[in-house]
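The structure appears below as structure tokens.
The values are calculated or read from the model by the stated rules, or taken from the named source; none is laboratory data. Not measured: the values here are computed from a predicted model. As a convention, Cβ positions derive from the backbone with ideal geometry for all residues, glycine included, and neighbour counts pool all protein chains shown.
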């Protein structure tokens, strides 16, 4: 609801991060492969074209869109498979999420994007949720200038297709410089208590943090945690949200009742389970969470280090490195394109708007404008067909080049 209210009020800011599209996709795949496996589903990931090393866009919002779509696909697929595919062309990422689940009737497709709407078909299981995931997804895609479509599959299930403008960022090989590397921190040694029933994840935390001069103490559950803190006091807690017996939030409540003041970071495998305490419900009658922050599994070292530095007020020690040059945006290549028919040209107003939306990668707005031009009959069917050919092939550079050749 907070995201929706921010979008409707025009207060949601889209960031221009430079991030690795490949790395983000691999993290998403790792996360949902395990969820699908636990449910007995096959999870397939297809990368149909090479992906650029770096792109520019709002990584948090792109991740949120994918998590919402894949969560729904796994949730509403009782058996079969979930497939995630991506291709990158002309600075646009086309991402598809296909499932073999319960499906959506064509006459209900518009309804699924409305807040709190849930489609329940006869004979299908009732699943938990608020009915806001797809609403937020659609709003985020729109505000990022992208496009989102839903297509029922012939053999059951649905396919969600998303087009997002993620401009490629590149550096010449000779200019690629490794990121600034942390190798420790100033002051006394800090001790972390990791509470997690997954021994592999506890071991991962130890392997990540021990080389940075942290003392990592591992326990498998809440009971062991409460016993350990009788003999020593850690500087910070990393607690798994889902554990047998007492879960993470319950343990955090108990620790606060025991007057434990050290920071508590909750670690969750599901991004939709937790929100930062500062962004929790605006209803002030609800008590705030007992923990201070949260992380999403699989935990990224850079995110983990950022949280530890923030809550422990650390001064990091870095390896010296040269100044990193600012990344440069790749210049769009304008391919040689055929000239469009010169008869019955649209007015300059339409052409200016068409170029404007195409330049910012707003594929949905380009489609809407072409449909409006068809309804108002401002140009010939042949001209509209040429426009749609470029849009269907996500060739916005070619569309811009061709339209400019008309003028």
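Restricting attention to region 34-69, report how many residues are part of a helix (DSSP H, G or I), under 16 Å from residue 101 (Cα atoms) and in contact with a strand residue (DSSP E or B) (Cβ under 6 Å, 6 or more places away or on another chain).
Adding up the residues that qualify gives 2.
Within region 227-245, take every residue that is part of a loop (DSSP other than H, G, I, E, B), buried (at least 17 other Cβ atoms within 10 Å of the Cβ) and under 32 Å from the mean Cα position of the chain (by Cα) and give me the one that is modelled with the highest pLDDT.
Of everything passing the filter in region 227-245, 235 is modelled with the highest pLDDT.
Looking only at region 193-226, which residues are part of a strand (DSSP E or B), in contact with a helix residue (DSSP H, G or I) (Cβ under 6 Å, 6 or more places away or on another chain) and farther than 14 Å from residue 240 by Cβ?
216
If you go through region 350-363 one residue at a time, how many are part of a helix (DSSP H, G or I) and surrounded by fewer than 19 Cβ atoms within 10 Å (Cβ to Cβ)? Walk me through it before giving the result.
The first filter runs over region 350-363 and keeps only residues part of a helix (DSSP H, G or I), leaving 350-359, 363.
Adding the requirement that they be surrounded by fewer than 19 Cβ atoms within 10 Å (Cβ to Cβ) leaves 350-353, 355-356, 359.
Qualifying residue count, region 350-363: 7.
Would you check if residue 143 is closer than 22 Å to residue 96 by Cα, under 19 Å from the mean Cα position of the chain (by Cα), at pLDDT 55 or above and surrounded by fewer than 18 Cβ atoms within 10 Å (Cβ to Cβ)?
yes
Does region 70-81 include one or more residues that are in contact with a strand residue (DSSP E or B) (Cβ under 9 Å, 6 or more places away or on another chain), touching a residue at least 40 places away in the same chain (Cβ under 8 Å), closer than 18 Å to residue 140 by Cα and in a helix (DSSP H, G or I)?
yes
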